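Visitor: The structure is given below, and queries will be raised subsequently.
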Amino acid sequence: MSNLTRILLVDDNPKYLEDVLPYYGYDLTCATDGVQALSLLNNGEQFDLVLLDVMMPNMNGWETLKAIRNNPTFEDLPVIMITAVNEDQKMISGLKIGADDYIVKPFILPNLLARIEAVLRRVKRGKKNDSSANVTIGQADNFNSLTKREKDVLLLVTQGESNKSIAEKLVLSEVTVKSHLNSIFKKLNVTNRTRAVLVAMQMNLVEK
């Protein structure tokens with residue numbers, strides 16, 4: 001039996017990754033949609049990680065992720081979502097469903113490889129269910145330094161609220177909300193709302 005890391009790539013256009021991932025030492029199996037992927041999993045195929053594209057025929061990535069997480073056999077199987085559109089609200093929903101990470105196309109290959117290795121490393125260390133496993137020590141410390149108002153803003157962001165909606169609910173101006181968000185991003189060393197939500201979930205600000 002091969003000792004190579006086994007990856008299930010679920011993508012209706014897998015040519016690029018199908019060619020390059022084996023070159024980097026991964027044992028790759030491809031499925032062109034969620035139905036085929038679930039069939040492989042249900043037939044007893046063992047994988048270390050799933051790379052799951054969002055836009056696919058028959059069963060899209062979000063539906064496939066739900067099916068994987070609803071099956072106790074696969075609930076801890078690491079899943080990295082691959083999406084062509086940087087839509088914060090949808091990616092936040094994906095994280096809540098149980099995605100371990102995401103990457104936006106077009107991506108730089110070293111970035112994807114680093115994400116894969118980071119997720120695999122967390123699993124090997126037995127920290128997948130550790131609330132702070134995916135955050136750095138600095139992020140954890142800085143998360144605890146967020147003000148109450150910043151945490152209030154971040155909590156509403158995790159619920160998919162827009163700046164305008166957050167402003168209305170917290171009785172603030174949109175300019176003030178943006179200022180809080182900029183402060184949150186700086187403290188957590190992230191560049192967008194979705195990454196901030198990922199940290200918030202891992203620090204138990206919001207239930208996963």
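The values are calculated or read from the model by the stated rules, or taken from the named source; none is laboratory data. It should be emphasised that the depicted structure is a prediction, and the values quoted were computed from it without experimental measurement. Cβ sites come from the backbone with ideal geometry, for glycine too, and all protein chains shown count toward neighbours. Side chains are part of the model used for accessible areas, which takes the heavy atoms of the whole protein and leaves out ligands, DNA and RNA. Shrake-Rupley method; radii C 1.70, N 1.55, O 1.52, S 1.80 Å.
Visitor: Where in the stretch 1-120 are the helices (runs of 4 or more DSSP H), entirely inside, with at least 2 residues that are buried (at least 17 other Cβ atoms within 10 Å of the Cβ) and in contact (Cβ under 8 Å) with a residue 60 or more places away in the chain? Spell out the reasoning first.
Guide: On the way: elements: 15-20, 34-42, 61-69, 88-97.
Passing ranges, in order: 88-97.
Visitor: Could you name every one of the helices (runs of 4 or more DSSP H) located completely within the stretch 128-208 that has at least 1 residues being acidic (D, E) and either touching a Cys at 6+ places or on another chain (Cβ under 8 Å) or at pLDDT below 90 (or both)?
Guide: On the way: elements: 137-144, 148-158, 163-170, 174-188, 193-202.
Per the criteria, 137-144.
Visitor: Now a separate question. Does the stretch 49-69 include one or more residues that are modelled with pLDDT of 85 or more, at negative phi and among the small types (G, A, S)? Give the steps one after another, and end with the answer.
Guide: Step one: filter the stretch 49-69 for residues modelled with pLDDT of 85 or more, giving 49-69.
Pick out the ones that are also at negative phi and you get 49-57, 59-69.
Narrowing further to those that are among the small types (G, A, S): 61, 67.
Yes; the residues of the stretch 49-69 include at least one that is modelled with pLDDT of 85 or more, at negative phi and among the small types (G, A, S).
Matching residues to (1) of a type in the set (D, E); (2) at pLDDT below 85; (3) in contact with a helix residue (DSSP H, G or I) (Cβ under 9 Å, 6 or more places away or on another chain):
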position: F74; (1), (2), (3): no, no, yes
position: L77; (1), (2), (3): no, no, yes
position: I80; (1), (2), (3): no, no, yes
position: M91; (1), (2), (3): no, yes, yes
position: I108; (1), (2), (3): no, yes, no
position: L113; (1), (2), (3): no, no, yes
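Visitor: Let me ask another. With the condition kept exactly as written, say whether any residue in the stretch 193-200 is open to solvent by 30 Å² or more (accessible area, probe 1.4 Å), more than 20 Å from I97 (Cβ to Cβ) and within 16 Å of the chain's Cα centre (by Cα).
Guide: Scanning the stretch 193-200, I find no residue that is open to solvent by 30 Å² or more (accessible area, probe 1.4 Å), more than 20 Å from I97 (Cβ to Cβ) and within 16 Å of the chain's Cα centre (by Cα), so the answer is no.
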